[in-house]
Amino acid sequence: MRPRRWIAASIVGLLALAGSSAAGPPGQWTRLPGTVVNFAEPGLARTSDGVLHVLYTRRNGSREDLIHVAVAPNGRVGGDSVALGGWSSMSHPDLLRMADGSLRAFFGGIRSTSAGETNNSMNTATAPASGATWTLKSGKAAQATYAYATGVAGAGLARDGTPISTWSGSPGLGFHYGIDPAQPDGTIPQTGCCLYFPDVAVDSASGQAWVGFYSNESSGPGLYVNAIGPAGPQGGRRLAPGSVTGRGSLAPGNRTSLTGRIGAPGVYLFFGQGYPTYATLALWKVDATRPHLVIRAARNEHANIAAAPEGRLWLMWEVNGTIFAARTNRAATRVGGVNALRVPGSRTVYRLNGEGSAGPLDLLVNDGSGFWHQQVQPRLQLSATSRKAGKGRVVTFRVADAGDPVAAATVRAGGRTLRTSANGTATLRQATSVRVKATASKTGYASSAAVTVR
């Protein structure tokens with residue numbers, strides 16, 4: 001399968017196209033309460049009321065706590081609360097919204113070093129949709145004893161509502177369907193050391209689950225995916241195309257950026273390509289031969305992905321202190337206007353995560369000491385063509401969202417205010433050909449970059 005689109009734009013070009021993004025609060029970064037370690041990565045899940053729940057580990061002296069923060073639909077960040085406290089160690093958690101609307105967290109860790117401690121492997125805890133009170137399941141949520149040492153836990157929800165957890169460690173990458181440790185784990189074996197940064201994604205159409213991970217094995221480094229089921233791995237690993245250059249491969253800057261789509265088929269991986277630095281970004285449907293999209297972005301880092309309504313996908317990455325975020329079309333074959341945001345806080349990105357199921361992207365950045373949040377809207381694209389009309393001309397403006405026409409958008413051009421039709425176009429007639437500068441806007445979108453017609 002050949003790539004459907006090549007985006008031949010340098011990061012300099014992207015910066016020129018992107019202005020300040022719309023957010024909630026508008027255009028602002030908001031710091032989540034407290035400090036975190038520089039490699040902390042949150043678990044994110046949105047409940048039916050539109051609230052985004054953020055779960056992460058935070059040091060408490062020599063102990064670690066699991067912290068919960070709620071972000072309102074308008075982007076307002078709430079206060080923090082301790083979901084579970086005083087653990088000897090905790091991995092970075094993942095978070096699921098269950099079929100009944102409740103929340104379920106998975107994390108590796110050891111609650112205490114006391115003799116007879118039962119929570120010392122893969123752990124799970126639940127909360128109502130409010131996230132107000134968390135209940136720890138007593139004992140393991142999987143068989144593997146080594147799951148306590150995983151750096152990060154991953155989780156996904158099977159189509160029948162069964163949670164799937166995943167972890168990594170010396171024996172290999174493990175995964176488990178459900179929370180009953182009497183049921184067997186699945187294992188992706190490793191040759192040498194090691195497999196890292198696992199996550200799970202499920203195809204919403206077929207129900208096929210996939211696990212994604214990074215390999216540092218001398219026999220075969222790179223980013224991989226493997227189809228899985230309750231009985232174990234299904235088939236062998238698939239190497240993400242372009243994740244190895246020669247014999248060199250770079251580890252991703254986050255949990256493996258793998259996701260299914262909302263109301264559409266396919267599981268997708270978004271990742272950097274190149275070595276010893278990333279030169280491009282690729283969006284790959286994991287059962288395809290080649291990436292669907294390739295984006296030129298020299299020295300990109302922290303590529304990540306989030307599902308959005310209508311089968312769209314949010315793509316995010318960072319280059320030299322600027323975070324880029326763009327949403328695809330419904331077919332996930334084209335990228336819309338690109339938002340560019342300066343990194344908050346220390347101006348350094350250690351982890352970049354996002355959740356986009358409500359439409360906008362709720363973006364979370366770990367700057368080395370804390371999490372920052374900003375809500376990002378999809379950015380409109382504006383183009384213009386002109387034709388002569390007597391001594392003047394007719395200028396036709398087209399407003400699009402990742403190539404799809406946007407009706408009822410406002411185009412401001414040469415002191416005039418125009419409104420786009422159902423096909424996304426608006427027309428300006430000039431008695432004489434005069435240079436005109438135009439922008440497009442619509443509620444729910446970030447305004448387009450300015451277009452000048454000479």
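Any read-out appearing in this document is the output of simple, stated calculations on the displayed coordinates, not a laboratory observation. These numbers were taken from a predicted model, which means no experiment stands behind them. Please note: Cβ atoms are built from the backbone with ideal geometry, for glycine as well, and neighbour counts cover all protein chains shown.
Numbers below:
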{"quantity": "Ranked by how many other beta carbons lie within 10 Å on average, peptides 408-417, 283-292 from highest", "calculated": "283-292, 408-417"}
{"quantity": "Positive dipole terminus of the stretch 5-376, leading residue within Phe197, Ala127, Pro184 (C-beta point charges)", "calculated": "Phe197"}
{"quantity": "Nearest-20 debye value, the stretch 381-453 charge dipole, Cβ charges on Lys, Arg, Asp, Glu", "calculated": "480"}
{"quantity": "Sorted by Cβ neighbour density within 10 Å, fewest at the top, the residues Glu355, Glu217", "calculated": "Glu217, Glu355"}
{"quantity": "Gain upon complete extension [Val37, Arg76; 0.36 nm per residue less C-alpha separation]", "calculated": "11.7 nm"}
{"quantity": "Extreme residue, positive dipole direction of the stretch 381-453, given options Ala389, Ala407, Gly424 (C-beta unit charges)", "calculated": "Ala389"}
{"quantity": "Rounded Å value of the spacing that divides the Cα centres of the stretch 378-454 and the stretch 101-128", "calculated": "55"}
{"quantity": "Electrostatic dipole magnitude of the stretch 219-339 [Cβ: Lys, Arg +1; Asp, Glu -1; Cα centre; debye, to 20]", "calculated": "200"}
{"quantity": "J(HN,Hα) series, the stretch 389-404, from Karplus relation 6.51 cos²θ - 1.76 cosθ + 1.60, nearest Hz, glycine and proline x", "calculated": "8, x, 7, x, 7, 10, 9, 10, 9, 10, 10, 9, 10, 6, x, 7"}
{"quantity": "Computed [θ] at 222 nm, deg cm²/dmol, the chain (DSSP H ≥ 4; -39,500 (n - 2.57); rounded to nearest 500)", "calculated": "-500 deg cm²/dmol"}
{"quantity": "The stretch 195-252 versus the stretch 24-100: alpha-carbon centroid distance in Å", "calculated": "27"}
{"quantity": "The chain - charge dipole about Cα centre, Lys and Arg +1 at Cβ, Asp and Glu -1, debye rounded to 20", "calculated": "2840"}
